[in-house]
Every structure is written in structure tokens, then in C-alpha cells.
Amino acid sequence: MPAPPANPQRRTSRWRPTEFVLLVLAAGLTLSAQSALVHGTAGEIHLRDLWPAALLCGLFLVIHLTLVLRRSTGDQVLLPILLALMGLGLVLSQRLAPGDLPERQGLWVVLGTVALGVGLHTPVDLRLLRRYRYSWALIGVGLVALTLVFGRGLSQDAPRLWLGVRGFQFQPSEILKLVLVVFLAGYLADKRELLSQSSTRVGPFRIPPLPYLAPLAVMLGGALALLAAQRDFGAALLLYAIGLGMLYLASGRLAYVVLGLGSFAAGSWLLHEQLTVIQVRAAIWLDPWSVAADHGYQLVQGLMAMAAGGVTGTGLGQGMPEVIPAVHTDFVYAAIVEELGLAGALAVLAIYGGLFWRGYRIGIRARGVFAGLLAGGLTLALAIQTFIIVAGILRIIPMTGITLPFLSHGGTSLLTSLAAAVILFRISEQSATSQAPPVPQSLSAARVSVGARG
Amino acid sequence: MTPTAHRLRRLAAATFVALAFLAAGTLQWGFLTAEELAHRPDNIRRIEADRRIRRGPIVDRRGRVLAETRFVDGVPDRVYPVPAAAPVVGYQTWRYGAGVLGRTYGAGGAEAAYDAALRGDVAMGPGEVLASRLLHRPQQGLAVTLTLDAALQTRTVELLGGREGSIVVVEVGSGAIRALASSPTFDPAALDEGDIPTDDPAAVMLNRATQGLYPPGSTWKTVTLAAAIHAGLVDPDTMTSDGDTVEYFEGFPVGCNNNPPGRVNFDIAHAYGWSCNVTFARLGTELGEPLYKDYAEGFGAGAAPPFPLPVASSQLTSGPVMSLPELASAAFGQGELLMTPLHMALVAAAMAGDGALPKPALLEGVEGAGERAVREERGPWRQPVSPGTALTVRRIMVTSVNEGWAGTATAGTGITAGGKTGTAEVGEGQPHAWFIGFAPAIDPTYAVAVLVVNGGEGSTVAAPIGGLVLQEALRLDAEYRLTDQPEGGVAP
């Protein structure tokens, strides 16, 4: 990595003061959430019960120090947002997850934080990501394919989405989301000139040139079909939406998005007739009250939980979110509305908004199309995922089984979200250290041209 | 700005619009439709919210716990250390009664009557409300002190010995209920476990003191006597020679029936003490139906005394008009008379006091509040006769104990008392055994009513119990005075 050139125009302090101040705020939030939980369940607080939150805050402070030591110029708001979300997620896992799952999640959180710390310092050569994008994509799809054969579910009838060996399991579809963004960023960066030219007209719509759209469609379609076979419709919807979004990012044609949404609507209509699972989901969405006793139970309980919160919530540990099935994963937002109230839920939405804002900002300031697409795609992935799950809980769209980034219980989800954050951070560093007009050596925007190898 | 950056800006805007939708959705479900959802029958949150309330304890006048909530591993459990007090204290259970998910909130007795205070549903200032919402303080109930004396209550149940019946002890003047027993009764703790372990739930759940209506028998002669004296019809020493008389009231024969053999001429006081039916039949018919009814209503017949627990209305007669035989019969304690033991205890308290039947009071105090609630429960209910008449009747009742059939009440107890026995015919089966009375004889402190359903003769069955109850009440008072215990349970 080239030494950062002298930078007289941007006088960011090496002490990263914004990050420090925000970290203190985030630590305060985490610690007060933890103590609220302790108070809400046990009735009294001993300082030693706060150790999970304290440990997390400590780790993040250490990471902050390492960044200061390295004179990093990366985005200063990302790390505190991560602490706030992961801290809250840790507390929620303690509150909602049954059995020994909170301890496992704590382990994931600690491992994830350590990996975050390491990842923030490891030189990430984005060229690697770009060059081997087909390989990454194939690995991702392959892992998901493995779940068809070896997959295990959480219970007898649950979709078999997990791969694992004794004691350790992960969810390949989460990884697929990440590698697909990487793949699409690379592919679309190379092809974007082509994609914005139109050579075929179908009616009033312009379709991008087919030879170039085809691999794109294949990868997307393959992933989606795979997931549909595994009944993981949430992930399928997520990937499809990410694909559409990145297509728009690269081509600038809103028409593609419209076409994509239209074909999705047609596809789901067709599937609706064929698959009872979709019929059930749609029925629950349209009228949960009449099936409140069986299929609609989860959604109705979630809605009643949210109704019970009020403005300030019932207090952590004092509500009844545990009657909602899968509340520690799919329905964690309902628990937030119930126990933290409207104020708490809107605050959480604001924190997510902050995360997306920084992500998009990093993308906007990134040097190079690939970096911009990558940052935008990762942010889009997080944003769409957040929207899909929360909208499902709020009955804006039908329910799906995907997780809320950072807040839902789940190791793979946490690690992939953290990986996205690491990449975003590294992109922000590289844009900050580059001068304007940029001729960065590692991200060559100039190499995007017709006929470049893809 | 590069085209990618432009599009990223647009995507960012779209993302924030989407977040706004999420915020709107949150507001809708968390706020706009919240009320409707809260009232859905499959929403167990309201019940569970009730469970989280730290319900206040119920204590007796000496501070002994009658009901309290103990938390076991964070789960609330309502315990009742004095099962004898069940008819008064009632129950508060999550299982009693059918409902969605098999759980409904059920409460009875004092638990129901003072539910608001026990839950802590009292007005707080806005600052306190905000603080307790922000800090998510659990709702704390207040301690409710009843007028009951747990030791006395236990003793009354002991004396009933499992027989069907009821005992009520009222403090003269204040109307405070010191004991209110109904036998057989239920175990409030068992209600939480599941079903009531008995074949006939109605029998154990019935509070005979407040809701059992029985013919009062000769104890009702007290009312006839008070009416006759107040109306100036007779004096205590007015002589009669009813000992061997049989009088006919439109063909209905009434004799004396109960006087000792050989005693033919005696005064009104002894006619009362020996429960001479014909004397009182005549007194009643001489007063005449309208006046008699007036006096009876003055004593509360046809109504129920105001009480925190539900009370059945007593009855003088079932129809609008009383025939002469019925009037005669009612005057000596039969006819269609139906009274609750609580009501008869109030009659005794009226004669032991200033002639006013007091409102029976159950509330001694509520921790930190409730002065007004206590005051509302107290006071006179009906004033049928003057204090002078009451004094006269009182003296006659003392004579009744000293020289009449009620003497079995005080035999061997060492107390002085006044009272009247009753043996109420009920057609088939044994008659009801009754006793009403007060102690001590001069300046009485306590009044009592004892009923043993189908128990037999009042003087052999009910009066001894009544005497022992009064003895215990006085003994407990003396004991507390000696040990200098402060009265009143939890300090207001």
C-alpha cells in the first residue's frame, strides 16, 4: 500500500475526536441498556452484572486506540454505530434468547469484535475482491447448494439453511449476500458502460444488451432458485432487491428497476398459485386476525407486543416479548418496540439511518467506480435487509425469515454484517488518503473501459 | 460528482424515505391501534401486567398478615396465613374461573373490595408518573388494614368445629367487624392450585354471614321487645300471666312453650328471657301491622346493611300484606322472617349501644391514604329506637342471661353478658340454633351473633359458643392492653 501523500487540505486530527465522543455515547447507551436489563429482571443492580456490556465497550475502546495509533483516517462514525448496535444486540440476546444461546451469542460478539479489530488493520486489497469475483460467487452459491444436501434446520420442519459440524454452524445464505455484492460490484464496474447503452427494445422498455445481462441474470437467477428450493424466501427477496439496486447504481436506468420489479411481481404471482408456503405468507399478511391462533400467531403476537410498549416502553426485562416465537431472531424489532417503547424504537431506526448515511457517504466519496459500487452495494444490502425484516414485522410487507443486522441473534449474520462494515471502513480510509483529482494505484477507475477483462 | 455518486445520493434518499415508512408503521402499531390490540382476548399482557404488580398485603388490626404476595424466583405467589379469615379476606387468583388460555383474574372478599388500593391504583402526581414510567418501576400496591382480629377469627372457626354455621363479632359503637366466620369455608391458596377440592363448591364459597338468609327464631323477639318498649306499650316489669296461656290469632294458636314448669306469672323481662311466644305474639299484634312494619324496617328488615362485601337483603315478609297469624308469628321470631347473621349481630350491637344499628365496617386503614375511605364506612345505619330504649332492652338482655335460657352463654366463662337464644324451626330437620348477645353487661364492648345451621337448641348449642367468643374477645383486648401493643396494623 503506498504511503499516504501529504494532505494539507484535510486537517483531520490524528486523535479521531468525533469517534471518541461518539464511542463514549454509544458505551453509555450499551451500559444503560445492560443495567436496565439487570434491573428489570433481577430487581437490583450489582456492578458485576454489567460485565458483558463493559467488556464490549472495553474492546471497542481498544480498537479505537489501535486506529489512533495507526493514524487511520477512516470514517469516525462507523465504529460508534457498531458499538451501539452490537451492544444493544448483546443485551437483547441476553433478554430474549432461550437456554444457553445468549452465551453463544456473547462468544460470537466477542469473536466478531476481535475480528473487526483485526480486519480494520489488515491491508485489504480490493483488487483481490474484484479479480476473483466469479470465484467468490461460485463459492457462495456452492455453499448454499451444500445446504440442499447437508443442510440442517433449527427444528424438524424448519428450512434447512445451516451447515455445520459439531457445535459450530453457520448460514451460507448470509455469506452469499456478501459475495454477491462483491461479484456484482466488480462485474458492473467493468460492464457499466455497456449496460447504460441500450441495444434492444422490448416495447416501451429498453433492455441492456443481452450478452452482458445474461451472466448477471444467471447468477441472480441461480441464487434465487436455490434459495426458493430451500424456502428461504427472505434471502431470495433480499438478493433480488440488492441486484436490482446495484443494477440501477451501475446503469442509472430506473427502467431496469421497474422491469425487475415487474418480473418479480409476475414471478411471485406464478409461484403463489403453486406453492402453499407463499399462499400462507400472503394470507397472514392480508388478514392476520382470522388466523391469529395458528399461522398468524407470530405476527399477531408481535403486533400486540408493539402495542404494549407505549412511548417509553415496558422496560427491558419487564415486557412479555418471549411469547412471540423466534423473537430473538426474526422478531427482535417487536421486542424493541415493546420494551424500549416508541422512543427507543425510533432511536434504533435513527441509528440504522446513521449507519446507512455513513455507508452511502463513503460510497459517494469513494475513489473509483468499483469502490463506489462496492460501498454502495454493501450499504444497500444492509439497508434493504433492515427494511425487509422491519416492514414484515410492521405488516407493511409479508413476513420473511431474515435477520435484523447486528440486533438479531445469530453468529453468521453478525459476522457478515461486520465484514461489510470492515470493507466500508477500509474504503473510507482509501478515499480519505487519496488526493483530488485521484489517480489511486490500487483502484483504477481509468481501467474501466470497453473490452477490459471482466 | 460522478454518476455513481449521484445515484448513491438518490438511493440514500430512497433509503431514508423507507426508514420514514418504518417509523410511521411503528407509530401505527405502537400508538394508534394500541388500545384495540390491548383489549384482544388473546392478549395475555394485561393479565401478566397485573401479575407484575407488587400487590399490597392485607393485615388485621394488630398487624398480623392475612394475605400477602411473596415472590418465588420472580413469580408472585399470594399466600393466606390465616385460612380462617377466608370468607372475609377472599381470594385473588389467576386460575379461578374459565377464560381464554384458562386464565382469568378472579377476586373475591376484601381482595376484591379493596382491589384498587391493593394494586396501588392511586393518584400520583405527574412528576411521579413520569419518573416511574421512565425508570420502569413496578407498580407497588398499598397495605390494607382490616378491622378483623385474626386471633379472634381463628377462635370462632375453632368453636364452630366444622359444623355449618356462622359467627359475627361487631364492636359496639364503631361497627367494626372483629370476626366474621362462615363454615365450612374454602382455602384461598387452593384456588390457585386448581379446582376447589370438594364436591359442592357452592357450599364452601358461600359466605353465610353475609349471604345466608335464615329464620332468626327467638332472637327476633329482641326487635319486637324494643319496638313495644319504644312505643310505650310495656315496661320491663309489666306483668303477664302467660305461662299457661294459649291465644288464638284468627285461629292460629300460640302458647308460651318455653317457660320453666310452674312459672305462670312473670314480667316482660322474664317473658323475654324464657322466650314466651304468646307474649310477643300479642305485643306484635297490639302494635299492629303498619307500626310493626315500620319498626322492623327501622331495624333494617327488607334491606341489606352497606358493607364492602356483598350482603343479602333481610326479609320481614314476602308479600305486601301480613295476615294476623303471620304478624303474630313474625313477632315471636318465625313467620317468613329471613335474616343474615351479620344483620342480627348489628341488632345486638344496636341494643348494646345507643339504639342505632351501626354500618358494619371492615376497613381500619390504608397505608398512606384512605382516611376518607375509612370514614365512609363508619357511622349509624338505622336508628329505630332511642338510646333510652336501648338501655332498657339491654338490661332485659342481661336478665335474660342471668336468669333466662341464655345463661348457658356465660356459664363457666367468668364474663358478664346480655343476650338471647333462638331456636328457629325450619320445617323438616333440626332447627337452627341462634344466639345474639354482648359483653360485658355494663358498657358493652362487643356484640356477637352465632348461628349453627340445623344445630338444634339455641341455648344448648349456640349460646355456649357465643359466650366463649365474647370471652375470647375480651381476653384478647385485655392481653393487648397488658402487653402495650399499639393498635392498628400498618401505620398510615
Go through segment B:431-464 and give me each residue that's out of contact with any Phe, Trp or Tyr (no Cβ under 7 Å at 6 or more places or on another chain), assigned to a helix (DSSP H, G or I) and crowded, with 16+ Cβ neighbours inside 10 Å.
B:V461, B:P464
Subset of segment A:373-403, residues open to solvent by 10 Å² or more (accessible area, probe 1.4 Å), within 11 Å of chain B (Cβ to nearest Cβ) and not in a helix (DSSP H, G or I), comes to A:R395, A:I396, A:I397
Say whether the condition of being open to solvent by 50 Å² or more (accessible area, probe 1.4 Å), at pLDDT 90 or above and of a type in the set (D, E) is met by at least one residue in segment B:360-375.
yes
Which of the numbered conditions does B:T392 fail, given that it passes all the others? Conditions: (1) buried (at least 20 other Cβ atoms within 10 Å of the Cβ); (2) hydroxyl-bearing (S, T, Y); (3) within 23 Å of B:A473 (Cα to Cα).
(3)
From A:L270, A:L249, A:L244, grab the single residue that is without any contact (Cβ under 8 Å) to a residue 40 or more places away in the chain, within 14 Å of chain B (Cβ to nearest Cβ) and either touching a Phe, Trp or Tyr at 6+ places or on another chain (Cβ under 8 Å) or not basic (K, R) (or both).
A:L244
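Looking at B:Y480, is it in contact (Cβ under 8 Å) with a residue 40 or more places away in the chain and either more than 23 Å from the chain's Cα centre (by Cα) or open to solvent by 20 Å² or more (accessible area, probe 1.4 Å) (or both)?
Yes.
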Kindly indicate which of B:D60, B:D42 is acidic (D, E) and at pLDDT below 90.
B:D42
Residues of segment B:4-62 being of a type in the set (K, R) and in a helix (DSSP H, G or I), which ones?
B:R7, B:R9, B:R10, B:R45, B:R46, B:R51, B:R52
Would you point out which residue out of B:E428, B:E472, B:E457 is among the charged types (D, E, K, R) and in contact with a Pro (Cβ under 9 Å, 6 or more places away or on another chain)?
B:E457
Answer yes or no as to whether A:G317 is at pLDDT 90 or above and either more than 7 Å from every other protein chain (Cβ to nearest Cβ) or in a helix (DSSP H, G or I) (or both).
no
When only residues in segment A:295-310 that are more than 7 Å from every other protein chain (Cβ to nearest Cβ) and part of a helix (DSSP H, G or I) count, which is surrounded by the fewest Cβ atoms within 10 Å (Cβ to Cβ)?
A:Y297
Scanning for something more than 22 Å from A:F170 (Cα to Cα), open to solvent by less than 10 Å² (accessible area, probe 1.4 Å) and either within 14 Å of another protein chain (Cβ to nearest Cβ) or in a helix (DSSP H, G or I) (or both), does segment A:91-99 turn up at least one residue?
no
Do we find that A:S263 is open to solvent by less than 70 Å² (accessible area, probe 1.4 Å), facing chain B (nearest Cβ under 10 Å) and under 30 Å from B:P3 (Cα atoms) in this structure?
no
Set A:A305, A:A235, A:A334: member being under 22 Å from the mean Cα position of the chain (by Cα) and within 25 Å of B:P41 (Cβ to Cβ)
A:A334
Being more than 10 Å from every other protein chain (Cβ to nearest Cβ) and in a helix (DSSP H, G or I) is the filter here, so list the residues in segment A:322-339 that pass it.
A:E322, A:V332, A:A335
Kindly indicate which of B:R40, B:R45, B:R51 is farther than 30 Å from A:L349 by Cα and among the basic types (K, R).
B:R51
Among residues belonging to segment A:36-63 that are touching a Pro at 6+ places or on another chain (Cβ under 9 Å) and open to solvent by less than 30 Å² (accessible area, probe 1.4 Å), point out the one that is nearest to the other protein chains (Cβ to nearest Cβ).
A:P52
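Would you mind stating whether A:L259 is closer than 29 Å to A:L374 by Cα, more than 24 Å from the chain's Cα centre (by Cα) and not charged (D, E, K, R)?
Considered against the rule, which asks whether it is closer than 29 Å to A:L374 by Cα, more than 24 Å from the chain's Cα centre (by Cα) and not charged (D, E, K, R), A:L259 comes out as yes.
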Could you run through segment A:311-347 and say how many residues are under 26 Å from A:L424 (Cβ atoms) and buried (at least 24 other Cβ atoms within 10 Å of the Cβ)?
5
Looking at A:A350, A:A345, can you tell me which residue is aliphatic (A, V, I, L, M) and in contact with a Ser or Thr (Cβ under 6 Å, 6 or more places away or on another chain)?
A:A345
Of the residues that sit in segment A:352-370 and are among the β-branched types (V, I, T) and either outside any helix (DSSP H, G or I) or open to solvent by less than 40 Å² (accessible area, probe 1.4 Å) (or both), which one is farthest from the other protein chains (Cβ to nearest Cβ)?
A:I362
Unique match (being over 30 Å from A:Q385 (Cα atoms) and facing chain A (nearest Cβ under 8 Å)) among B:R40, B:R51, B:R64
B:R40
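Any idea which of A:L237, A:L249, A:L244, A:L271 is open to solvent by 40 Å² or more (accessible area, probe 1.4 Å) and modelled with pLDDT of 75 or more?
So the residue among A:L237, A:L249, A:L244, A:L271 that is open to solvent by 40 Å² or more (accessible area, probe 1.4 Å) and modelled with pLDDT of 75 or more is A:L237.
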Just name the residue that is nearest to A:I324 (Cα to Cα) out of those in segment B:45-61 that are in contact with a helix residue (DSSP H, G or I) (Cβ under 7 Å, 6 or more places away or on another chain) and open to solvent by less than 40 Å² (accessible area, probe 1.4 Å).
B:R45
Of the residues in segment B:277-303, those that are at negative phi and either touching a His at 6+ places or on another chain (Cβ under 8 Å) or open to solvent by 50 Å² or more (accessible area, probe 1.4 Å) (or both) come to B:R282, B:E286, B:P290, B:L291, B:D294, B:Y295, B:E297
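The values are calculated or read from the model by the stated rules, or taken from the named source; none is laboratory data. Here the structure is a predicted model, which is why all the values come from computation and not from measurement. Cβ: placed from backbone, ideal geometry, glycine included. Neighbour counts: every protein chain shown. Heavy atoms of the whole protein, side chains included, go into the accessibility calculation; ligands, DNA and RNA do not. Shrake-Rupley method; radii C 1.70, N 1.55, O 1.52, S 1.80 Å.
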